[in-house]
1. Mind checking which helices in the chain clear 24 Å along their axis (Cα) and have mean Kyte-Doolittle hydropathy of -1.0 or more, DSSP H runs only?
2. Each label point is 7 Å from the Cα along the Cα-to-Cβ direction; what then is the distance between the points at L87 and A40, in nm?
3. Can you tell me the accessible area per residue over the stretch 1-130, all protein chains present, probe 1.4 angstrom, in square angstrom?
4. How large, in percent, is the carbon and sulfur part of the accessible surface of the chain at a probe radius of 1.4 Å?
5. Using a 10 Å Cβ count of at most 13 others and DSSP loop calls, identify the longest part of the chain lacking such trypsin sites (Lys or Arg not before Pro).
Amino acid sequence: MTLTINRKVYGDLLAEIQPHVITNDAENEIALQNMERLLALPHPTAEEERILQLLLTLIEKYEDQHYPMNDASPLDVLLHLMEANDLKQADLVNVIGSSGVVSEVVNGKRQISKNQAQALGKFFHVDPKLFL
């Protein structure tokens, strides 16, 4: 199903957010703030969803180039995302399991399962493969 967007509303949103190729950390931070604002909307419109996808693509491109995580283990990725989002273990309870499971994963005593990787990918809005 293709979502129909209102070109005027989309144009107004583009003018407000002004997404563009990110070239430095300050621009990345602004893009992240805009993305977080859109993610917090309880019922985003089709136009907001489209801008959100655009921002996500721009942010991922910038971060992949400037902060490659190719050598990072799934645990390193998880710990980095937790720190970047100012999250504690308790914030992942019910995302990947009980507090005991979360503790074991965060402390490296248990590997991240495929289901947990999917849940973490959705939670952090990243590719679940980062956690495998």
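The values are calculated or read from the model by the stated rules, or taken from the named source; none is laboratory data. In this text the structure is predicted, and so the values were computed from the model without any measurement. Cβ atoms come from the backbone with ideal geometry, glycine included; neighbour counts cover every protein chain shown. The accessibility values were calculated without ligands, DNA or RNA, using every heavy atom of the protein model including side chains. Shrake-Rupley method; radii C 1.70, N 1.55, O 1.52, S 1.80 Å.
1. 46-66
2. Taking the simple label geometry, L87 and A40 are separated by 1.7 nm.
3. Details: 8800 Å² over 130 residues.
I get 68 Å² per residue for this part.
4. On the way: 4620 of 8910 Å².
The computed percentage sits at 52.
5. Values: sites that count: K88, K109.
Formally, the longest exposed-site-free interval is 1-87.
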